[in-house]
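Taking it in order: structure first as structure tokens, then the write-up.
The values are calculated or read from the model by the stated rules, or taken from the named source; none is laboratory data. This is a predicted model, so every value here is computed, not measured. Note: ideal-geometry Cβ built from the backbone for every residue, glycine included; neighbour counts use all protein chains shown.
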Amino acid sequence: MNADLSQDGLATYRRVRGGTLTVWLRRSVPRTVLPDGEDNAAFGDVSARKGTVAAFIANAETLDELADGTPERDAVLAQLRTLAPGLRAVGVLDVFIARSPEIAALFAEDSKSS
């Protein structure tokens, strides 16, 4: 097969024995959602800031270290609930699954309120 890569990143493949099979592919280049200098982006009606995913992960890891019913754990859970819609909006839950049952329950709770 021969491949001709067009300038817009879409490829057309031609069969050796005649006919044309066209396959549309995304160009495999990194994509930037928030360019340098911008700290927020809107995804539908949800605004997500740079660092949302990292903050969620850091808080989820901290959650495992805190005892149930403590004010610190309640504060971390509240922060996770605040961040969860941003993760859903940017598509994290389309490609990753929560291993922690508590985090999975938090996402299920978020999806009911969305």
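Does region 28-46 contain any residue that is modelled with pLDDT under 85 and basic (Lys, Arg)? There is at least one residue in region 28-46 that is modelled with pLDDT under 85 and basic (Lys, Arg).
Looking only at helices (runs of 4 or more DSSP H) that fall completely inside region 30-114, which ones have 2 or more residues that are of a type outside the set (A, V, I, L, M)?
Helices (runs of 4 or more DSSP H) meeting the threshold: 52-63, 71-90, 101-113.
Of the residues making up region 42-72, those that are closer than 11 Å to Val90 by Cα and touching a residue at least 24 places away in the same chain (Cβ under 8 Å) number 8. Selection of region 58-84 for residues being surrounded by 15 or more Cβ atoms within 10 Å (Cβ to Cβ), of a type outside the set (Gly, Ala, Ser) and within 22 Å of Asp39 (Cα to Cα) yields Asn59, Gln79, Leu80, Leu83.
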